[in-house]
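Every number in this text was worked out from the coordinates using simple rules, so none of it is lab data. Remember, it's a predicted structure, so these values are computed and weren't measured experimentally. Because the Cβ atoms are built from the backbone with ideal geometry, glycine has one as well, and the counts that use them run over all protein chains shown.
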Ligand SMILES: NC(=O)c1ccc[n+]([C@@H]2O[C@H](COP(=O)([O-])OP(=O)(O)OC[C@H]3O[C@@H](n4cnc5c(N)ncnc54)[C@H](OP(=O)(O)O)[C@@H]3O)[C@@H](O)[C@H]2O)c1
């Protein structure tokens, strides 16, 4: 038996319940993992709030797409992106279903080694944000010598985009609340407050112009600022303003209808992120536990 969190309706946190359920043995190609930390993402509350629909046949609904933990049991031929998975391995899991649980049985293909540099809590928050950021920077072709705006630079995806773009040799201007500016400077970004006058503040920080923009916020301000400053709309990506992104001919990525899901690039990004974290090039900021 193991505890798990399920949504028994659609709404606020009051629809979440903790239940104790039997856990099956792993079959061929599967592993059983004792979960040490679950990554919580905006997607999770969007799903149980009903923002993506209220189909009662989905209830009770398991939640969560990423976690970290220790492998306790392995079915036959359990091979992950880093090779065979063994009992005792410390791992990070993405993308899985029902991560809000004390024990999960998952395909070995969703299992990567936990970076030795990161705690279980940090590893549980590495992969969804990191894979999204890798995808966003790939579709906008951000590389050495570019100047890129990251809207929402202090958020989960934003912090990953900042670090990956800096690592790639880009100059990064990141919008964030002022209290996050020191941390962003330590990561190598040039922080700027969002709100009235944003375009002028960015022009002041980047007088030679902006080559690309990554929007993780979805506000009109983020979209309009990007369109005003970046001449090539194929170098503007949004992960949050789907409707406006399509209307304006921007790159739109993620799970929304018509968006680029980036399945292969996100899957391959997991090992890239583990390697960067192991090399000390990637930090995960855990807001709270
Ligand atoms: N399409 C995809 O594939 C995909 C994947 C992952 C996430 N998402 C979506 O992307 C969004 C961000 O996800 P996340 O995990 O990074 O969330 P998060 O950690 O909550 O970060 C959101 C950031 O938005 C910033 N923000 C809030 N209001 C703002 C405003 N008016 N102007 C500028 N910035 C503002 C906040 O910055 P401050 O704290 O500095 O105010 C916060 O750090 C969510 O909507 C999520 O559902 C989409």
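Worth pointing out:
- Cα centroid of segment 251-285 to Cα centroid of segment 99-117, whole Å: 16
- Radius, Kirkwood style, for segment 128-275 when every pair of distinct Cα atoms is counted (Å): 14.8
- Calculated diffusion of segment 128-213, Stokes-Einstein form, Kirkwood radius summed over Cα pairs, 4 °C and 1.567 mPa s, µm²/s: 104
- Among 30, 66, 21: highest mean-square fluctuation, GNM of the chain, C-alpha pairs under 10 Å: 21
- Whole-Å distance, taken between Cα centres, linking segment 69-96 and segment 1-53: 19
- Cβ crowding within 10 Å averaged over residues, with 246-253, 73-80 ranked highest first: 246-253, 73-80
- C-alpha long axis of helix 263-278 to longest principal axis of the chain, angle in °: 90
- Least to most buried among 57, 123, 154, 109 (fewest other Cβ within 10 Å first): 57, 109, 154, 123
- Summary of the geometry: segment 215-248 and segment 118-136, compared by the centres of their Cα atoms, lie 23 Å apart.
- Helix axis angle, 220-229 relative to the chain longest principal axis, alpha carbon, degrees: 50
- Rounded to 10°, Cα long-axis angle of helix 127-139 versus longest principal axis of the chain: 40
- Estimated from the Cβ-Cβ distance and a Förster radius of 35 angstrom, the FRET efficiency linking residue 34 and residue 246 is about 0.25.
- Helices in the chain, meaning DSSP H runs of at least 4 residues, each add -39500 (n - 2.57). Divided by all residues, the mean residue ellipticity at 222 nm is -8500 deg cm²/dmol.
- Dividing the Cα radius of gyration of the chain by 2.2 N^0.38 Å, with N the residue count, gives 1.04.
- Summary of packing: across the peptides 268-280, 165-177, the per-residue average of other C-beta atoms within 10 Å ranks them, highest first, as 165-177, 268-280.
- Two-site label geometry, residue 167 and residue 228: point separation in nm, points 7 Å out along Cα→Cβ: 3.3
- Residues 202, 149, ranked from the fewest to the most other C-beta atoms within 10 Å, line up as 202, 149.
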